[in-house]
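These notes concern the structure reproduced below.
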Amino acid sequence: MSTRSDIKDGAQFDMLDRGIVYTEVLGWIDMGHARGNDVLALRNQFIAGERSGMPSYTVMYRQDMSFAKFNSRLGVGKFSRWEIKHGRSTEDINRIMLAMMMCTASSFEGLQSLRAFSWYTDSGFSGEDLVSDLFGFYRAIIPGRYGAHLRPVNYIAATRRWDYYGAVGSYKNRGFHPILFPDPDDPCVMHRPYISILPRFLTWLRPWDDFMSGIVKVITSDGTSFALMGVK
């Protein structure tokens, strides 16, 4: 759940691993979602599976959240578990990972939208979440400095948008396209949020969709995990 205090200056974009930044290309980006650590962990499972020499191997992708309640910390999440036929190319692996991420991320946002969690967060399908996941995926498989491509704005320009349009969590986005918030100080544009298109560098890979060939077998498509831990 992003708050105004999470806003960071766009000049720090390529060095941030938390907070939110407003970009002119993708709108609000949650830098935690955009770290891509989940994708790197998933890719390591594929590498281990391909090196195992086994005819097939299992990989799992998950997204989680945790919060304190009644002197305990509750963790909940969504996961997908797929069986992969050995001998996959790098392109195959990337396409399969993208499909796993997109399916699980959508399920996770749906979980956060449930009334049982509405007391804690408005993050379910928050305007920045899914597009931040997608950006994090591509940044993980092709590392680099993306600031010049996404054109992040400075802190003042970002907070100006937040104060004018309100919290990004109040704008729901069930797809992987960005919501853009025009600068309130620009007299030449309509001051109304709108869904925009993705840049080419976030669309060149097509999610895996061949589930009839036996290459990919879905073992768990929409798993839910729970963990209860004591708070010291």
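When the stretch 164-173 is filtered for residues that are in a loop (DSSP other than H, G, I, E, B) and open to solvent by 30 Å² or more (accessible area, probe 1.4 Å), the ones remaining, listed by number, are Ala167, Tyr171. Across the stretch 33-77, the qualifying residues are those that are open to solvent by 60 Å² or more (accessible area, probe 1.4 Å), more than 14 Å from Gly87 (Cα to Cα) and touching a helix residue (DSSP H, G or I) at 6+ places or on another chain (Cβ under 9 Å), and the one among them that is modelled with the lowest pLDDT is Asp64.
Check the stretch 152-163 and report whether any residue there is modelled with pLDDT under 95 and outside any loop (DSSP other than H, G, I, E, B). The answer is no; no qualifying residue exists.
Being in contact (Cβ under 8 Å) with a residue 24 or more places away in the chain, of a type in the set (A, V, I, L, M, F, W, C) and buried (at least 17 other Cβ atoms within 10 Å of the Cβ) is the filter here, so list the residues in the stretch 2-32 that pass it. Selection gives Ile7, Phe13, Ile20, Val21, Val25, Leu26, Trp28, Ile29, Met31.
Close contacts from the stretch 178-196, counting a first residue that is more than 19 Å from Leu150 (Cβ to Cβ) and a second that is open to solvent by 40 Å² or more (accessible area, probe 1.4 Å) and not hydroxyl-bearing (Ser, Thr, Tyr), with Cβ to Cβ under 8 Å and a gap of 6+ residues or different chains, come to Pro184/Arg160; Pro184/His191; Asp185/Arg160. Selection over the stretch 140-151 of residues that are surrounded by fewer than 17 Cβ atoms within 10 Å (Cβ to Cβ) and assigned to a loop (DSSP other than H, G, I, E, B) gives a count of 5. Residues in the stretch 38-56 that are within 15 Å of Asp133 (Cα to Cα) and either touching a residue at least 40 places away in the same chain (Cβ under 8 Å) or among the aromatic types (Phe, Trp, Tyr) (or both): Asp38, Val39, Leu40, Leu42.
The values are calculated or read from the model by the stated rules, or taken from the named source; none is laboratory data. Since the model is a prediction, treat every value here as computed from it, not as a measurement. Cβ atoms come from the backbone with ideal geometry, glycine included; neighbour counts cover every protein chain shown. Quick note on the areas: whole protein, heavy atoms, side chains included, nothing else; ligands and nucleic acids left out. Shrake-Rupley method; radii C 1.70, N 1.55, O 1.52, S 1.80 Å.
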